[in-house]
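Bear in mind that the values in this text are calculations on the coordinates, not laboratory data. Keep in mind that what you see is a predicted model, and the values were worked out from it rather than measured. Cβ: placed from backbone, ideal geometry, glycine included. Neighbour counts: every protein chain shown.
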Number of protein chains: 2
Amino acid sequence: MYDSQKLEEFSKNIFKAIGCSEDDAALAAQVLISADLRGVDSHGVARLVGYVRLWEKDRVNPKPNIKVVHETPSTAVVDADKALGLVAAPKVMDIALEKAEKAGTCWISVRNSNHFGIAGYHAMKALEKDMIGIALTNASPLVAPTFSKERLLGTNPIAVAIPAGSQPPFVADLATTTAANGKLEILQRKNENAPQGWVQDKEGIGSTNASAVKEGGALLPLGGDRIRGSHKGYCLGAVVDIFSAVLSGAGYGPWAPPFVSFLPLAPDPVGEGLGHFFGAMRIDAFRPANEFKSHMDNWITRFRNATPTAGAEQVLIPGDPEREMEVKRKKEGIPLLPPVVKDLKMLGEKFKIEL
Amino acid sequence: MYDSQKLEEFSKNIFKAIGCSEDDAALAAQVLISADLRGVDSHGVARLVGYVRLWEKDRVNPKPNIKVVHETPSTAVVDADKALGLVAAPKVMDIALEKAEKAGTCWISVRNSNHFGIAGYHAMKALEKDMIGIALTNASPLVAPTFSKERLLGTNPIAVAIPAGSQPPFVADLATTTAANGKLEILQRKNENAPQGWVQDKEGIGSTNASAVKEGGALLPLGGDRIRGSHKGYCLGAVVDIFSAVLSGAGYGPWAPPFVSFLPLAPDPVGEGLGHFFGAMRIDAFRPANEFKSHMDNWITRFRNATPTAGAEQVLIPGDPEREMEVKRKKEGIPLLPPVVKDLKMLGEKFKIEL
C-alpha cells in the first residue's frame, strides 16, 4: 500500500522535472492521484510514465500558453498549446465556471490538448459553485463502431456531476464502451477470458479473447452488439468525439492522437492534438439551488432505497463506489501493481527523485 | 399502406376535435407523422389514441399557456401548462434557438408537459439555423436501474442533431435502454423470445420473456447487465431524468406520470407533469460554420467508408436509416398494423372524422 500524499508529492516532482511550473505540477499530480483514490486505477499514477514519454516525444509542452481563441457569452474555444490535459482541463473548467456565473451556463471546446486523466475530477469542480459540471474527451482510437472492422473512436467518456443537499453529489463518469481497456489488462494477467460484448477480433467478430485489442481487434461500444444496442454506444461515443474535437479543431475519430508514444501520429492530421468539451450550468439559472438540492436528496434516497435484486445489497447512486473507495484509500493507502511500481522506480531513478 | 399526408390531415383533425387550435393541431400532427415517416412507428399515429385518452382524463390541456417562468441569458425554465408535448416541444425549441442567437447556446428545462413524440424531430429543428440541437425527455417508469427490482426510470431518450455540409446531418436519437418497448410488442405478437439483456422478470432476474414488462418485470438500461455496463445506461437515463424533471420541477423517477391513461398518477407528486430538456448551440459560437461543416463531411465520409464487418454492407452514420426510411415512406406510404388501424377508425367514428 502506498500513501496517497507521498505518491502525489512524487508525481508532482516528476512533473516539475519535465519542466512544469510548481503550480501546474501540483495540479497535474492532484488530478492523477484523485483517479487512484477513486479506484480508477487505469487513469492514475499507472499513467505517469506515459505522460513522461509523450513529453520525450515533444508531444507535451510543460510551459503552455493555454488561451481562449474564440468566445461568446456562453461558449469558448480554448487552444491548450500541447499542455498536459491534467493541467489544461481544470484550468478550462475554471473559465467555464466563471463565464457561467454571468451567462447561466458555459460550454468550452478544447483543442491541442493531451489525455486529461479522470473525467469525473473536472466535472466535480462545478459542485462547490452549486453548478452541474460536464466533462467529455476524445481518446486514442481503440473502438470499432457497429458494423466496422476498423477502430475509429476512443473510449470517449462522459462525466456529469450534479450537486445534492444533505446527500453526497451524483457523479456519473462512464466510458461509452462496454468495458475499459484497463479491465481487459486485468483479465490478461489472470489468463481469463473476457465476457461476450467487450471486444471483437481483427476480423470484426465478437470475441472473448482478452488480448483481442492487442491483436488487431477493437473495444466495442456500450451495448456490445447490434441486438443489444451497440449502435447507441457508438452514437454516444461519436457525439463526444464531435463536441470535443470537431467543434474545437482537434484530431477527431481515427485521427485522434494515440496516448502511447510508440504509436505514430496520423500522417494527414485534420486538427491539433486531443479535444475535450466542458460544460457548467448554474443550478439557479433554472430554479433556486436549495429547492433543486432538496429534490436531488429525495431522488437519491428513493433510488438508494429501492428494492434490490437477489444478491445485490442495494441500488447504487452514480458516484457511490468511487466516494467509498476514496475514503478507504485515503486511510489505507493505494495498492499498486508490480509493473506500475517498476515504472515509478524507473522514473525516480531517471529524474533522481525518491519514491 | 397509408398516405402520410392523409394520416397527417386525419391526426390534425383529431387534435382539433379535442380543442387544439388550427396551428397547434397542425404542429402536433406533423411531429406525430414524422415518427411514422422515419420508421419510429412506436411514436407515430399508433400513439394518437393514447394522447386522446390523456385528454379525456384531463391530463392534456388543448389550449395551453406555454410560458417562460425563469431565465438567464443562456437558460430558461418553461411551464408547458399541461400541453401536448408534441406542441410544447417544438415551441420551446424555437425559444432555445432564438436565445442561442444572442448567448451562443441556450438550455431549457420544461415542466408540466406530456409525451413529446419523437425526440429527433425537436433536435433537428436546430439544423436549419446552423446549430447543434439536443432533446431529452423523461418518460413513464418502466426501467429498472442496475440492482433494482423496481422500475424507477423511463426509456429517457437522448437526441443530438449536428449539421454537416454536403453530407446529410448527423442525427442520433436513442433510448437509454437496450431496446424500446415497441420492439418487445413486435416479439409478443410473433410469439418469440426476447434476446438476453432486454428485460428482467418481476424478481429482477434477466429474462427472455417478451411479455416480462407486462408481467411486473422491467426494461433494462443500455448495457443489459452489470458485466456489460448496464450501470452506464442507468447513469445516462438518470442524467436525462434529472435534467428534464429535477431542474424544471416536473415529476421525476418513479413519479414521472405514465403515458397510459389507465395507470393512476403517483399519489404523492414531487413535481408537475413530464419534463423535457432542450439545448441549442450555435456552431459559430465555436468555429466558423463552414469550417465545421467541411470537417463533419470528412468525419461522416471516413466513418461511412470504413471497412465493414462480414455480412454488413457498410458502417452507418447516425440518422442514415431514418432518413432512408423517410424517403421510402413519403413515396410508398406508411404501413400500419391492424390494431393501430382499428384504433384510428374508432377515433374517426368518435369524432366523426373520415380516415
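Just a few scattered comments:
- Volume per residue for the protein assembly as shown equals 143 cubic angstrom (convex hull of Cα atoms).
- Per-residue ellipticity at 222 nm, computed for chain A from helices alone with -39500 (n - 2.57) per DSSP H run of at least four residues, works out to -11500 deg cm²/dmol.
- Spherically averaged projected area of the stretch B:179-219 from its Cα convex hull (nm²): 2.3
- For chain B, built as a Gaussian network whose Cα springs stay under 10 Å, the top-fluctuating residue of B:G237, B:G224, B:G311: B:G311
- Residue and distance for the chain B Cβ closest to the axis that moves B onto A, in whole Å, come to B:S74, 2.
- When you filter the trypsin sites (Lys or Arg not before Pro) in the stretch B:173-258 for DSSP loop state and at most 15 other Cβ atoms inside 10 Å of their Cβ, you are left with B:K202, B:K214.
- Local electrostatic count at A:E185 - Lys and Arg +1, Asp and Glu -1, tallied over other residues with Cβ under 11 Å: +3
- Cα shape, the stretch A:1-69, gyration tensor, a/c 1.5 rule: prolate
- Cα gyration tensor, the stretch A:223-284 - rounded (a/c under 1.5), prolate or oblate: oblate
- Label spacing, shortest first and in nm, from A:I186 to its equivalents in the remaining copies (7 angstrom along Cα→Cβ): 3.7
- Rg and Dmax of the stretch A:97-228, both derived from C-alpha coordinates alone, stand at 17.6, 54 Å.
- For chain A, share of DSSP beta bridges that run antiparallel, in % to the nearest 5: 85
- Electrostatic dipole magnitude of the protein assembly as shown [Cβ: Lys, Arg +1; Asp, Glu -1; Cα centre; debye, to 20]: 540
- For chain B, size of Cβ-based charge dipole, Lys and Arg +1, Asp and Glu -1, in debye: 280
- Relative contact order (%) - chain B, alpha-carbon pairs under 8 angstrom, separation at least six: 20
- Cross-link pairs exceeding 21 Å in C-alpha to C-alpha distance, out of A:K12/A:K190; A:K67/A:K99; A:K293/B:K82; B:K67/B:K99, comprise A:K12/A:K190; A:K293/B:K82.
- Label point 7 Å beyond Cα along the C-beta direction, distances from A:R226 to other copies (nm, shortest first): 3.2
- Pairs spanning more than 32 Å between alpha-carbon atoms, out of B:K6/B:K129; A:K232/B:K328; A:K202/B:K330: A:K202/B:K330.
- The local environment of A:H43, defined by Cβ-Cβ distances under 15 Å, has a net charge of -4 under the rule Lys, Arg +1 and Asp, Glu -1.
- For GluC sites (Glu not before Pro), the sites in the stretch A:203-277 that DSSP calls loop and that have at most 16 other Cβ atoms within 10 Å are A:E203, A:E215.
- Cleavage-rule hits, chymotrypsin sites (Phe, Trp or Tyr not before Pro), the stretch A:246-355, DSSP coil, Cβ neighbours within 10 Å at most 12: A:F262
- Each copy carries A:E9; placing its label point 7 Å along the C-beta direction from Cα gives inter-copy distances of 8.2 nm, listed from smallest up.
- If only the Cβ of Lys and Arg carry +1 and only the Cβ of Asp and Glu carry -1, the dipole of the stretch B:197-240 around its Cα centre is close to 160 debye.
- Between the C-alpha center of the stretch B:232-284 and that of the stretch A:73-110 there is a gap of 29 Å.
- Cα extents of chain B along the three principal axes, largest first (Å): 51, 50, 44
- Using the Cβ of A:F262 as centre and a radius below 14 Å, the other residues enclosed give a net charge of +3, where K and R count +1 and D and E count -1.
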